[in-house]
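What follows is a set of notes on a single structure, which appears directly below.
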Amino acid sequence: MYIIKATFLRFCDLHISNLFDMNGVYVIWDSQAIARPSYIGEGHILKRLSDHARTSDFVFSKPIDGYIATVSGSTQNVHKTESLAVERLLLDVADVTDRKPAMNSHPGNSSVLKLFCRSGQLRISISGYDPLIPPQEGRTLKRSKIINVLPSKKYEYEIEHDWSMRRRRVI
């Protein structure tokens, strides 16, 4: 079984020096995001966040908050691929639990399949904060949330996860 561990921390809890040359996954919640994140992405954290600030593709309403999980310590030195897998599976979970980000235009990279095929099983363990909960409501997880990738005859793969459907908010 191939296991990827991602510990999500809030933007305000991270020191910028810990993000230099780090690959990972980030979840942006702008001020307009009430129940769904604005964007889920991956890559070299500082570069990607800087890219978002400079491009006109995404217009985030300030203030911006969110979560970051660095992917490091890989036993197979595939941080980028692992980050892609975590991003893709978070997007899958967000989609099926009514938390799909407003600004993601594609479903993420399917490199998750490479890891799954290589080892036969894939598990993502999410700890720290739940990145699919608004940061102002965020609290540390008491136990890790798990995403399991399963073989499927009908689809590329199937997932099992610990998230329930999004609670409807009355405004």
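Some observations on this one:
- The length gained on full extension between Asp21 and Arg48, counted as 0.36 nm times the residue separation minus their Cα-Cα distance, comes to 8.6 nm.
- The fewest-to-most ranking of Val86, Val78, Val59, Val93 by surrounding Cβ atoms within 10 Å reads Val59, Val78, Val93, Val86.
- Residues Ile64, Ile126, Ile28, ranked from the fewest to the most other C-beta atoms within 10 Å, line up as Ile64, Ile28, Ile126.
- Rounded to the nearest whole Hz, the Karplus-based 3J(HN,Hα) values (6.51 cos²θ - 1.76 cosθ + 1.60, θ = phi - 60°) of region 2-13 follow the sequence 9, 10, 10, 9, 10, 9, 8, 10, 6, 3, 5, 9, with x at glycine and proline.
- Order of Arg99, Arg118, Arg143 under a 10 Å beta carbon neighbour criterion, fewest first: Arg143, Arg118, Arg99
- Shown is the FRET efficiency for Leu150 and Ala35, computed with R0 = 22 Å from the Cβ-Cβ distance and rounded to the nearest 0.05: 0.20.
- Only lysine pairs 8 or more places apart, or on different chains, with alpha-carbon atoms under 26 angstrom apart are counted in region 2-161, and they number 24.
- Radius of gyration, Dmax [the chain; alpha carbons; angstrom]: 15.4, 47
- Taking Glu158, Glu82, Glu137 as the candidate residues, the one with maximal mean-square fluctuation in a Gaussian network model of the chain, Cα springs under 10 Å, is Glu137.
- Rounded to whole numbers, the Karplus 3J(HN,Hα) couplings from phi for region 27-39 are 10, 9, 10, 8, 5, 8, 7, 9, 10, 10, x, 6, 7 Hz, using 6.51 cos²θ - 1.76 cosθ + 1.60 with θ = phi - 60°, and x at Gly and Pro.
- Contact order normalised by residue count of the chain, Cα under 8 Å, 6+ apart, percent: 28 percent
- Our coupling estimate for region 40-46, obtained by passing each phi through the Karplus curve with A = 6.51, B = -1.76, C = 1.60 and θ = phi - 60°, is 10, x, 8, x, 5, 3, 5 Hz, Gly and Pro reported as x.
Readers should treat all values here as calculations from the given coordinates under stated rules, not as data from a laboratory. On a predicted model such as this, the values are computed, not experimentally measured, just so you know. Cβ atoms come from the backbone with ideal geometry, glycine included; neighbour counts cover every protein chain shown.
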